1. Would you point out the residue of segment 39-72, among those that are at pLDDT below 90 and under 15 Å from the mean Cα position of the chain (by Cα), that is nearest to residue 196 (Cα to Cα)?
2. If I filter segment 233-245 for residues that are over 14 Å from the mean Cα position of the chain (by Cα) and surrounded by fewer than 22 Cβ atoms within 10 Å (Cβ to Cβ), do I get at least one hit?
3. Could you please let me know if residue 95 is within 16 Å of the chain's Cα centre (by Cα), modelled with pLDDT under 85 and assigned to a helix (DSSP H, G or I)?
4. Is there a residue in segment 21-34 that is under 17 Å from the mean Cα position of the chain (by Cα) and within 28 Å of residue 105 (Cβ to Cβ)?
5. Please indicate, with yes or no, whether at least one residue in segment 6-27 is touching a Lys or Arg at 6+ places or on another chain (Cβ under 9 Å), of a type in the set (Gly, Ala, Ser), in contact (Cβ under 8 Å) with a residue 60 or more places away in the chain and assigned to a helix (DSSP H, G or I).
6. Give the residues of segment 17-49 that are among the polar types (S, T, N, Q) and buried (at least 20 other Cβ atoms within 10 Å of the Cβ), sorted by residue number.
7. Looking at 77, 33, can you tell me which residue is touching a Ser or Thr at 6+ places or on another chain (Cβ under 6 Å), assigned to a helix (DSSP H, G or I) and closer than 20 Å to residue 165 by Cα?
8. Could you list, in sequence order, the residues of segment 52-69 that are of a type in the set (A, V, I, L, M) and either within 18 Å of residue 183 (Cβ to Cβ) or outside any helix (DSSP H, G or I) (or both)?
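The values are calculated or read from the model by the stated rules, or taken from the named source; none is laboratory data. Being a predicted model, the structure only gives us computed values, none of them experimental. Cβ: placed from backbone, ideal geometry, glycine included. Neighbour counts: every protein chain shown.
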Amino acid sequence: MWFYTSLLTSAVMAVSVIFNKRLIRNVSALVLTWATLALSTPIILLFAIKDGLPQLNTLFFIGVVGSVILYIFSSVTSLKAMRIADLSSIYPLVALGPIFTLFVAMAPPVAEKPNTLAIFGVFITLFGAYILNAISTKKGIFEPIKSLFKNRASFLMMIAVLLNSIGIVFDKLAINNTIPKNTTFTLLLENLMVIFGLLPVLYLRNKHFPHQIFSNAKLFLLLGLLNAATTMLAFSSAGGGDIGLVATLFKTNILLVLLFSYLIFKDRPKREILIGSAIMIAGVVLIRLGS
(Lines give C-alpha, C1' and ligand atoms only; values in the text may rest on other atoms or scores of the structure.)
Protein backbone atom coordinates (compact mmCIF):
# COMPACT_ATOMS: atom_id res chain seq x y z
CA MET A 1 0.00 0.00 0.00
CA TRP A 2 2.85 2.41 0.85
CA PHE A 3 4.10 2.14 -2.74
CA TYR A 4 0.91 3.54 -4.25
CA THR A 5 0.43 6.08 -1.45
CA SER A 6 3.93 7.41 -2.20
CA LEU A 7 3.04 7.89 -5.86
CA LEU A 8 -0.17 9.71 -4.90
CA THR A 9 1.87 11.92 -2.55
CA SER A 10 4.19 12.89 -5.39
CA ALA A 11 1.21 13.96 -7.52
CA VAL A 12 -0.05 16.36 -4.83
CA MET A 13 3.52 17.59 -4.26
CA ALA A 14 3.80 18.57 -7.92
CA VAL A 15 0.82 20.89 -7.59
CA SER A 16 2.08 22.34 -4.29
CA VAL A 17 5.45 23.31 -5.79
CA ILE A 18 3.71 25.51 -8.37
CA PHE A 19 1.71 27.39 -5.73
CA ASN A 20 4.77 27.77 -3.50
CA LYS A 21 6.67 29.38 -6.35
CA ARG A 22 3.80 31.76 -7.04
CA LEU A 23 3.37 32.84 -3.40
CA ILE A 24 7.08 33.30 -2.68
CA ARG A 25 7.02 36.33 -4.99
CA ASN A 26 4.73 38.20 -2.59
CA VAL A 27 5.56 36.88 0.89
CA SER A 28 8.70 36.04 2.83
CA ALA A 29 9.97 32.47 3.06
CA LEU A 30 9.32 32.42 6.81
CA VAL A 31 5.71 33.60 6.44
CA LEU A 32 5.03 31.04 3.71
CA THR A 33 6.45 28.20 5.81
CA TRP A 34 4.50 29.19 8.93
CA ALA A 35 1.16 30.00 7.30
CA THR A 36 1.10 26.81 5.23
CA LEU A 37 1.51 24.70 8.36
CA ALA A 38 -0.93 26.78 10.41
CA LEU A 39 -3.67 26.38 7.81
CA SER A 40 -3.12 22.67 7.25
CA THR A 41 -2.89 21.64 10.92
CA PRO A 42 -6.64 21.90 11.80
CA ILE A 43 -7.37 19.34 9.07
CA ILE A 44 -4.61 17.06 10.38
CA LEU A 45 -5.98 17.47 13.94
CA LEU A 46 -9.35 16.02 12.90
CA PHE A 47 -7.69 12.84 11.61
CA ALA A 48 -5.38 12.61 14.62
CA ILE A 49 -8.31 12.74 17.06
CA LYS A 50 -9.96 9.90 15.19
CA ASP A 51 -6.83 7.71 15.47
CA GLY A 52 -6.43 8.28 19.21
CA LEU A 53 -3.38 8.95 21.42
CA PRO A 54 -0.53 6.40 21.14
CA GLN A 55 2.04 5.44 23.77
CA LEU A 56 5.34 7.29 23.33
CA ASN A 57 8.96 6.79 24.38
CA THR A 58 12.24 8.75 24.39
CA LEU A 59 13.16 7.88 20.81
CA PHE A 60 9.84 9.31 19.65
CA PHE A 61 10.68 12.73 21.08
CA ILE A 62 14.22 12.60 19.68
CA GLY A 63 12.72 11.90 16.27
CA VAL A 64 10.14 14.69 16.52
CA VAL A 65 12.58 17.36 17.76
CA GLY A 66 15.21 16.41 15.18
CA SER A 67 12.67 16.47 12.37
CA VAL A 68 11.25 19.85 13.43
CA ILE A 69 14.64 21.55 13.61
CA LEU A 70 15.73 20.18 10.24
CA TYR A 71 12.36 20.93 8.64
CA ILE A 72 12.46 24.61 9.64
CA PHE A 73 15.96 25.16 8.31
CA SER A 74 15.30 23.11 5.17
CA SER A 75 12.02 24.85 4.28
CA VAL A 76 13.25 28.39 4.84
CA THR A 77 16.51 27.71 3.00
CA SER A 78 14.82 26.16 -0.04
CA LEU A 79 12.28 28.99 -0.29
CA LYS A 80 15.10 31.55 -0.13
CA ALA A 81 16.79 29.70 -3.00
CA MET A 82 13.53 29.78 -4.99
CA ARG A 83 13.24 33.52 -4.38
CA ILE A 84 16.60 34.39 -5.95
CA ALA A 85 16.64 31.89 -8.85
CA ASP A 86 14.36 30.28 -11.41
CA LEU A 87 12.85 27.05 -10.11
CA SER A 88 13.96 25.15 -13.22
CA SER A 89 17.62 26.03 -12.65
CA ILE A 90 17.84 24.68 -9.08
CA TYR A 91 15.10 22.05 -8.81
CA PRO A 92 17.19 19.27 -10.45
CA LEU A 93 19.27 19.18 -7.27
CA VAL A 94 16.22 17.94 -5.35
CA ALA A 95 16.55 14.62 -7.18
CA LEU A 96 19.73 13.88 -5.22
CA GLY A 97 18.02 14.01 -1.81
CA PRO A 98 16.82 10.39 -1.46
CA ILE A 99 20.39 9.15 -1.88
CA PHE A 100 21.26 10.81 1.44
CA THR A 101 18.06 9.46 3.00
CA LEU A 102 18.77 5.93 1.81
CA PHE A 103 22.21 5.73 3.43
CA VAL A 104 21.29 7.57 6.65
CA ALA A 105 18.29 5.24 7.12
CA MET A 106 20.57 2.21 6.88
CA ALA A 107 22.43 3.33 9.99
CA PRO A 108 21.13 2.89 13.57
CA PRO A 109 18.68 3.56 15.11
CA VAL A 110 16.42 3.16 12.04
CA ALA A 111 18.67 0.46 10.52
CA GLU A 112 16.62 -0.27 7.41
CA LYS A 113 17.89 -2.94 5.02
CA PRO A 114 16.15 -2.55 1.65
CA ASN A 115 16.46 -5.23 -1.00
CA THR A 116 19.45 -4.88 -3.37
CA LEU A 117 17.13 -4.73 -6.39
CA ALA A 118 15.15 -1.91 -4.76
CA ILE A 119 18.37 0.01 -4.01
CA PHE A 120 19.38 -0.31 -7.66
CA GLY A 121 15.92 0.97 -8.57
CA VAL A 122 16.50 4.02 -6.35
CA PHE A 123 19.60 5.04 -8.29
CA ILE A 124 17.93 4.41 -11.65
CA THR A 125 14.85 6.43 -10.64
CA LEU A 126 16.89 9.35 -9.32
CA PHE A 127 19.06 9.35 -12.44
CA GLY A 128 15.92 9.63 -14.56
CA ALA A 129 14.54 12.37 -12.31
CA TYR A 130 17.79 14.31 -12.55
CA ILE A 131 17.77 14.05 -16.35
CA LEU A 132 14.18 15.29 -16.56
CA ASN A 133 14.92 18.26 -14.34
CA ALA A 134 18.26 19.07 -15.94
CA ILE A 135 16.73 19.12 -19.42
CA SER A 136 14.38 21.88 -18.27
CA THR A 137 17.36 24.21 -17.67
CA LYS A 138 18.29 24.00 -21.38
CA LYS A 139 21.93 24.51 -20.37
CA GLY A 140 23.21 20.95 -20.37
CA ILE A 141 22.79 17.94 -18.13
CA PHE A 142 25.73 18.83 -15.85
CA GLU A 143 24.79 22.48 -15.40
CA PRO A 144 22.88 21.99 -12.10
CA ILE A 145 25.95 20.31 -10.55
CA LYS A 146 28.29 22.98 -11.95
CA SER A 147 26.00 25.69 -10.58
CA LEU A 148 26.79 24.54 -7.03
CA PHE A 149 30.17 26.23 -7.43
CA LYS A 150 28.82 29.28 -9.27
CA ASN A 151 25.84 30.77 -7.46
CA ARG A 152 24.34 31.09 -3.99
CA ALA A 153 20.87 29.80 -4.94
CA SER A 154 22.15 26.36 -5.97
CA PHE A 155 24.27 26.09 -2.84
CA LEU A 156 21.26 26.98 -0.65
CA MET A 157 19.07 24.44 -2.43
CA MET A 158 21.66 21.69 -1.94
CA ILE A 159 21.86 22.48 1.78
CA ALA A 160 18.06 22.37 1.98
CA VAL A 161 17.98 19.02 0.19
CA LEU A 162 20.54 17.53 2.58
CA LEU A 163 18.70 18.77 5.68
CA ASN A 164 15.34 17.56 4.39
CA SER A 165 16.77 14.15 3.51
CA ILE A 166 18.03 13.64 7.05
CA GLY A 167 14.82 15.08 8.52
CA ILE A 168 12.75 12.37 6.83
CA VAL A 169 14.78 9.74 8.71
CA PHE A 170 13.90 11.45 12.02
CA ASP A 171 10.23 11.29 10.96
CA LYS A 172 10.60 7.55 10.49
CA LEU A 173 12.27 7.22 13.90
CA ALA A 174 9.37 9.05 15.57
CA ILE A 175 6.72 7.02 13.73
CA ASN A 176 8.40 3.73 14.63
CA ASN A 177 8.24 4.66 18.31
CA THR A 178 4.49 5.26 18.57
CA ILE A 179 2.52 2.32 19.98
CA PRO A 180 0.38 1.49 18.10
CA LYS A 181 2.03 3.07 15.05
CA ASN A 182 0.36 6.45 14.47
CA THR A 183 1.65 8.57 11.58
CA THR A 184 -0.98 11.33 11.87
CA PHE A 185 -0.27 12.02 15.56
CA THR A 186 3.45 12.30 14.78
CA LEU A 187 2.72 14.79 12.00
CA LEU A 188 0.35 16.80 14.22
CA LEU A 189 2.87 17.15 17.04
CA GLU A 190 5.64 18.18 14.65
CA ASN A 191 3.41 20.79 13.01
CA LEU A 192 2.37 22.27 16.36
CA MET A 193 5.99 22.52 17.48
CA VAL A 194 6.96 24.33 14.28
CA ILE A 195 3.95 26.67 14.42
CA PHE A 196 4.44 27.78 18.04
CA GLY A 197 8.23 27.73 17.79
CA LEU A 198 8.32 29.99 14.73
CA LEU A 199 5.61 32.42 15.85
CA PRO A 200 7.81 34.59 18.14
CA VAL A 201 10.55 34.72 15.49
CA LEU A 202 8.00 35.60 12.84
CA TYR A 203 6.53 38.40 14.97
CA LEU A 204 9.93 39.90 15.82
CA ARG A 205 11.05 39.90 12.20
CA ASN A 206 7.76 41.08 10.67
CA LYS A 207 4.98 42.40 12.92
CA HIS A 208 2.76 42.90 9.87
CA PHE A 209 2.97 39.32 8.63
CA PRO A 210 -0.84 38.78 8.95
CA HIS A 211 -1.31 41.30 6.16
CA GLN A 212 0.80 39.15 3.82
CA ILE A 213 -1.38 36.16 4.65
CA PHE A 214 -4.78 37.87 4.34
CA SER A 215 -3.84 39.62 1.09
CA ASN A 216 -3.13 36.17 -0.42
CA ALA A 217 -5.86 34.35 1.51
CA LYS A 218 -7.24 32.20 -1.33
CA LEU A 219 -3.83 30.89 -2.36
CA PHE A 220 -2.85 30.22 1.25
CA LEU A 221 -6.07 28.32 1.95
CA LEU A 222 -5.52 26.17 -1.14
CA LEU A 223 -1.88 25.58 -0.21
CA GLY A 224 -2.91 24.66 3.35
CA LEU A 225 -5.32 22.05 2.00
CA LEU A 226 -2.68 20.67 -0.35
CA ASN A 227 -0.11 20.58 2.46
CA ALA A 228 -2.47 18.68 4.75
CA ALA A 229 -3.12 16.08 2.05
CA THR A 230 0.54 15.82 1.07
CA THR A 231 1.95 15.49 4.56
CA MET A 232 -0.64 12.98 5.79
CA LEU A 233 -0.06 10.83 2.71
CA ALA A 234 3.71 11.22 3.04
CA PHE A 235 3.75 10.20 6.72
CA SER A 236 1.47 7.26 5.97
CA SER A 237 3.93 6.13 3.28
CA ALA A 238 6.91 6.63 5.60
CA GLY A 239 5.25 4.53 8.27
CA GLY A 240 4.62 1.64 5.91
CA GLY A 241 7.77 1.31 3.81
CA ASP A 242 11.56 1.73 3.88
CA ILE A 243 12.07 5.49 4.05
CA GLY A 244 14.82 5.53 1.42
CA LEU A 245 12.48 3.91 -1.11
CA VAL A 246 9.54 6.11 -0.11
CA ALA A 247 11.62 9.29 -0.48
CA THR A 248 12.66 8.18 -3.96
CA LEU A 249 9.07 7.60 -5.06
CA PHE A 250 8.20 11.12 -3.91
CA LYS A 251 10.51 12.40 -6.66
CA THR A 252 8.26 10.98 -9.36
CA ASN A 253 6.32 14.25 -9.08
CA ILE A 254 8.25 15.64 -12.05
CA LEU A 255 7.18 12.66 -14.14
CA LEU A 256 3.55 13.16 -13.14
CA VAL A 257 3.74 16.85 -14.06
CA LEU A 258 4.79 15.85 -17.56
CA LEU A 259 1.99 13.30 -17.77
CA PHE A 260 -0.63 15.82 -16.63
CA SER A 261 0.70 18.33 -19.15
CA TYR A 262 0.32 15.82 -21.97
CA LEU A 263 -3.16 14.63 -20.95
CA ILE A 264 -4.63 18.07 -20.23
CA PHE A 265 -2.75 20.42 -22.54
CA LYS A 266 -1.66 17.93 -25.23
CA ASP A 267 1.90 19.13 -24.69
CA ARG A 268 3.93 16.58 -26.65
CA PRO A 269 7.23 15.84 -24.85
CA LYS A 270 10.63 15.96 -26.57
CA ARG A 271 12.70 12.83 -27.22
CA GLU A 272 15.09 13.60 -24.35
CA ILE A 273 12.18 13.87 -21.95
CA LEU A 274 10.79 10.54 -23.13
CA ILE A 275 14.17 8.91 -22.50
CA GLY A 276 14.41 10.38 -18.99
CA SER A 277 10.83 9.31 -18.27
CA ALA A 278 11.52 5.76 -19.45
CA ILE A 279 14.58 5.54 -17.17
CA MET A 280 12.58 6.81 -14.24
CA ILE A 281 9.69 4.39 -14.85
CA ALA A 282 12.16 1.50 -15.07
CA GLY A 283 13.59 2.50 -11.70
CA VAL A 284 10.12 2.67 -10.13
CA VAL A 285 9.35 -0.82 -11.45
CA LEU A 286 12.58 -2.14 -9.91
CA ILE A 287 11.67 -0.58 -6.56
CA ARG A 288 8.26 -2.27 -6.72
CA LEU A 289 9.79 -5.63 -7.61
CA GLY A 290 12.45 -5.30 -4.90
CA SER A 291 9.97 -4.39 -2.17
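1. Taking segment 39-72 first, the residues at pLDDT below 90 are 49-53, 71-72.
Cutting the leftovers down to under 15 Å from the mean Cα position of the chain (by Cα) gives us 71-72.
Details: 71: 14, 72: 12 Å.
It comes out as 72.
2. Within segment 233-245 (the criterion being over 14 Å from the mean Cα position of the chain (by Cα) and surrounded by fewer than 22 Cβ atoms within 10 Å (Cβ to Cβ)), the answer is yes, since at least one residue qualifies.
3. Values: within 16 Å of the chain's Cα centre (by Cα): yes; modelled with pLDDT under 85: yes; assigned to a helix (DSSP H, G or I): yes.
In short, yes.
4. yes
5. Checking segment 6-27: at least one residue is touching a Lys or Arg at 6+ places or on another chain (Cβ under 9 Å), of a type in the set (Gly, Ala, Ser), in contact (Cβ under 8 Å) with a residue 60 or more places away in the chain and assigned to a helix (DSSP H, G or I).
6. So in segment 17-49, the residues among the polar types (S, T, N, Q) come out as 20, 26, 28, 33, 36, 40-41.
20, 33, 36, 40, 41 - these are the residues of segment 17-49 that are among the polar types (S, T, N, Q) and buried (at least 20 other Cβ atoms within 10 Å of the Cβ).
7. Working: 77 fails: touching a Ser or Thr at 6+ places or on another chain (Cβ under 6 Å).
Criteria check complete, one pass: 33.
8. Going through segment 52-69, the residues of a type in the set (A, V, I, L, M) turn out to be 53, 56, 59, 62, 64-65, 68-69.
The answer is 53, 56, 59, 62, 64, 65, 68.
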